[in-house]
1. Can you go through Tyr229, Tyr127 and tell me which one is in a helix (DSSP H, G or I), of a type in the set (Ser, Thr, Tyr) and either modelled with pLDDT of 95 or more or surrounded by 15 or more Cβ atoms within 10 Å (Cβ to Cβ) (or both)?
2. Tell me the residue from Thr150, Thr159 that is within 27 Å of Arg186 (Cβ to Cβ) and hydroxyl-bearing (Ser, Thr, Tyr), please.
3. Could you run through region 69-84 and say how many residues are under 16 Å from Arg47 (Cβ atoms) and touching a residue at least 12 places away in the same chain (Cβ under 8 Å)?
4. Restricting attention to region 101-111, which residues are surrounded by fewer than 20 Cβ atoms within 10 Å (Cβ to Cβ) and either modelled with pLDDT under 95 or touching a helix residue (DSSP H, G or I) at 6+ places or on another chain (Cβ under 9 Å) (or both)?
5. Being part of a loop (DSSP other than H, G, I, E, B) and β-branched (Val, Ile, Thr) is the filter; apply it to region 163-202 and report the residue that is most open to solvent (accessible area, probe 1.4 Å).
6. List pairs: first in region 112-123 and open to solvent by 40 Å² or more (accessible area, probe 1.4 Å), second assigned to a strand (DSSP E or B), Cβ under 6 Å, 6+ apart or cross-chain?
7. Restricting the search to region 241-257, which residues are surrounded by 13 or more Cβ atoms within 10 Å (Cβ to Cβ) and either at positive phi or in a strand (DSSP E or B) (or both)?
Amino acid sequence: MRQKQYRQPPRRRHRRPRRRRARGPAGIFLSAIIMLVVFFGASLFFRVRSIEVNGAVKCDPLEILSLSGVSDGDFLFYINRRAARRAILSDQAYAETVSVRVRFPQTVSIELTECTALAQLRSGSEYWVIDRRGKLLEVTRDRPALPEITGLNLLVPLTGTGMEVGAGNEYKVAPLLELLDLLDGRGITADTIEYDTVRGISFTYLGRFNVVVGLPEYLGHKLDRLEHYVNEELEPNAAGTIYLPEEGGRVGRFVPR
């Protein structure tokens, strides 16, 4: 018979538990000192020392600074950029977009893009300047050198708000604003612009032409035809009425004065 061999089981190595160093009063005090140094160092370093206002032409930079609520010495991490942006946009009619940026370590930059004045409407003895969205930018008693929209009455105009017109004329606002935007993009400066319920849209141009646009459709195509007429088909000193083509047609009509 075979004798069974007895093997001793392998011995387990016991790991000695690591001793944690007890943090005494001196260690706690040192950690507190380090935290205080870091905190106060950061609070002294990340302070506003420079405030920049860029893009303000019509807007007053000093008013922009006041509205932002940012002051020299403010802690950069506590600046409420959204509140500053809202305050500037709600107060400054010419402000179209506003961004407030923090540039570490010590600068706050306020960037503005301003609205472009494209036309004006007369209300009594006052002239109200508007941008491409119909926002009322300012009011003056001196007629601005801008195209005048006639035939619309403003209801309770207020600087910084959208233009509101009398009942029955609301449908005219959007096409007129679209036309203004297209005219500005093509560098065409109208003298007066009107939206008549019978003839549609018309405007005077170069002091020599009365341009009948008609229905507010295919406005871009119609303005292309206008430039073609004036630059290529008509005599340099021609004057009269230009009827732009309807429904995307290519043939318009010119009636000499």
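The values are calculated or read from the model by the stated rules, or taken from the named source; none is laboratory data. The structure displayed is predicted, hence computed values, not measured ones. Every residue, glycine as well, gets a Cβ built from its backbone with ideal geometry; the counts of neighbours run over all protein chains shown. Heads up: the accessible areas ignore ligands, DNA and RNA and are worked out on the full protein's heavy atoms, side chains in. Shrake-Rupley method; radii C 1.70, N 1.55, O 1.52, S 1.80 Å.
1. Working: Tyr127 fails: in a helix (DSSP H, G or I).
One residue alone meets the criteria, Tyr229.
2. On the way: Thr159 fails: within 27 Å of Arg186 (Cβ to Cβ).
Going through Thr150, Thr159 in turn, just one is within 27 Å of Arg186 (Cβ to Cβ) and hydroxyl-bearing (Ser, Thr, Tyr): Thr150.
3. Number of matching residues: 10.
4. Within region 101-111, the first condition is being surrounded by fewer than 20 Cβ atoms within 10 Å (Cβ to Cβ), and the residues that meet it are 101-107, 109, 111.
Arg101, Val102, Arg103, Phe104, Pro105, Gln106, Thr107, listed by residue number.
5. Here is the first cut: in region 163-202, the ones part of a loop (DSSP other than H, G, I, E, B) are 163-164, 166-169, 187-189, 197-199.
From what's left, β-branched (Val, Ile, Thr): 188-189, 197-198.
On the way: Ile188: 12, Thr189: 91, Thr197: 101, Val198: 128 Å².
The selected residue is Val198.
6. Going by the 6 Å Cβ cut-off, the qualifying pairs are Thr113/Glu96; Thr113/Thr97.
7. Here is the first cut: in region 241-257, the residues surrounded by 13 or more Cβ atoms within 10 Å (Cβ to Cβ) are 241-246, 252, 254.
Those that are surrounded by 13 or more Cβ atoms within 10 Å (Cβ to Cβ) and either at positive phi or in a strand (DSSP E or B) (or both): Thr241, Ile242, Tyr243, Phe254.
Listed here are the residues, each with its yes/no results for (1) assigned to a strand (DSSP E or B); (2) of a type in the set (A, V, I, L, M, F, W, C).
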| position | (1), (2) |
| --- | --- |
| Pro105 | no, no |
| Glu111 | yes, no |
| Thr116 | no, no |
| Leu121 | yes, yes |
| Leu136 | yes, yes |
| Val139 | yes, yes |
| Leu146 | no, yes |
| Ile149 | yes, yes |
